[in-house]
Amino acid sequence: MHTVIAASGKERPANLADARKQHLLPSVTNILGVVNKPALLEWKMQQAVLSALTLPRLHAETADQFADRVVEDALAYTGSAAEFGTNMHHACELVLTSQEGGWAPAVEAWVPFIREWRASRIKLVHWVENQVVSTIGGYAGTADALFVDQEGRRILVDFKTQGVKAGKPAVFYPEWCAQLAAYSMALAPFWGDVYCLNVVIDSTTPGAFVERMWSEEEIEAGAEAFKAAAVLWRWQKGYDPREGAQVMEVRGA
């Protein structure tokens with residue numbers, strides 16, 4: 001539950017107090033938020049430095065006021081990158097479900113490449129943008145898609161947007177593997193073992209996708225890493241979502 005209705009009647013983001021009251025589960029992304037991500041931090045710092053170098057200083061502006069504008073400008077850029085990623089995910093969802101149109105104009109040029117990838121890789125789409133839940137693990141999330149490829153393998157895919165140079169993304173982050181491992185653990189009781197695939201879409205120039213199929217050993221290691229992150233998350237928050245979720249399950253909720 002990403003949002004709740006406040007006492008004022010307005011919608012607001014759900015918080016830990018809401019989770020305790022309603023036995024809510026943290027998302028996979030939320031749990032992995034406890035893991036240090038130096039590459040992401042470095043990128044955010046670079047955006048802040050670039051903003052500081054390119055923003056003109058206003059007349060009679062104090063250092064603190066200028067710093068605030070630098071932060072605001074940097075956040076605006078990172079926000080636009082996140083918006084592009086959201087729009088691209090929506091376009092992938094529409095193409096994978098054989099819909100025509102509905103994607104944001106900003107990603108129109110990428111749609112032919114999504115169609116090309118779908119035609120070459122996918123034999124059958126089981127579902128897209130599906131919520132997966134693990135009451136045993138105490139987490140939930142929304143997985144991008146589960147499909148059967150041309151070789152008959154059942155594949156769980158997660159799309160990422162990133163700058164690609166010479167046909168290679170900057171890096172396939174280990175957190176991506178842990179994220180897919182968490183989803184695959186939640187899906188296992190219903191779908192059995194699945195292959196886990198990350199697909200990187202170039203965020204700067206429309207073109208072919210770059211894939212990384214994680215090995216069984218990598219997914220096992222990613223699963224252990226996610227479980228460790230979940231332990232740390234529960235300790236930091238002082239909240240064990242497994243208890244309430246299992247109570248809700250017993251009650252048939």
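In table form, for the structure just shown:
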{"read-out": "In segment 72-92, residue farthest from Q162 (Cα to Cα) [restricted to those that are surrounded by 13 or more Cβ atoms within 10 Å (Cβ to Cβ) and at pLDDT below 85]", "value": "D73"}
{"read-out": "Cross-chain or 6+ apart pairs with Cβ under 9 Å, segment 120-149 first and under 16 Å from T97 (Cα atoms), then among the hydroxyl-bearing types (S, T, Y) and part of a strand (DSSP E or B)", "value": "E129/T142; N130/T142; D149/Y195"}
{"read-out": "Single condition V171 does not satisfy, out of (1) of a type in the set (V, I, T); (2) more than 16 Å from the chain's Cα centre (by Cα); (3) over 20 Å from E93 (Cβ atoms)", "value": "(2)"}
{"read-out": "Segment 150-175 residues that are without any contact (Cβ under 8 Å) to a residue 40 or more places away in the chain, paired with ones that are exposed (fewer than 13 other Cβ atoms within 10 Å of the Cβ) and of a type outside the set (D, E) (beta carbon under 6 Å, 6 or more apart)", "value": "Q150/K123"}
{"read-out": "Enumeration of residues in segment 25-58 that are assigned to a loop (DSSP other than H, G, I, E, B), closer than 19 Å to Q179 by Cα and touching a helix residue (DSSP H, G or I) at 6+ places or on another chain (Cβ under 9 Å)", "value": "L25, P26, G33, V34, V35, K37"}
{"read-out": "Segment 79-103 residues that are at positive phi, paired with ones that are surrounded by 13 or more Cβ atoms within 10 Å (Cβ to Cβ) (beta carbon under 9 Å, 6 or more apart)", "value": "S98/R118; S98/V125; G101/L94; G102/H90; G102/A91; G102/L94"}
{"read-out": "Single condition G9 does not satisfy, out of (1) of a type in the set (G, A, S); (2) farther than 30 Å from A170 by Cα; (3) not in a loop (DSSP other than H, G, I, E, B)", "value": "(3)"}
{"read-out": "Verdict on V35 being at pLDDT 85 or above and surrounded by 15 or more Cβ atoms within 10 Å (Cβ to Cβ)", "value": "yes"}
{"read-out": "Exclusive hit being touching a strand residue (DSSP E or B) at 6+ places or on another chain (Cβ under 9 Å) and charged (D, E, K, R), set E129, E108, E72", "value": "E129"}
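The values are calculated or read from the model by the stated rules, or taken from the named source; none is laboratory data. Remember, it's a predicted structure, so these values are computed and weren't measured experimentally. Please note: Cβ atoms are built from the backbone with ideal geometry, for glycine as well, and neighbour counts cover all protein chains shown.
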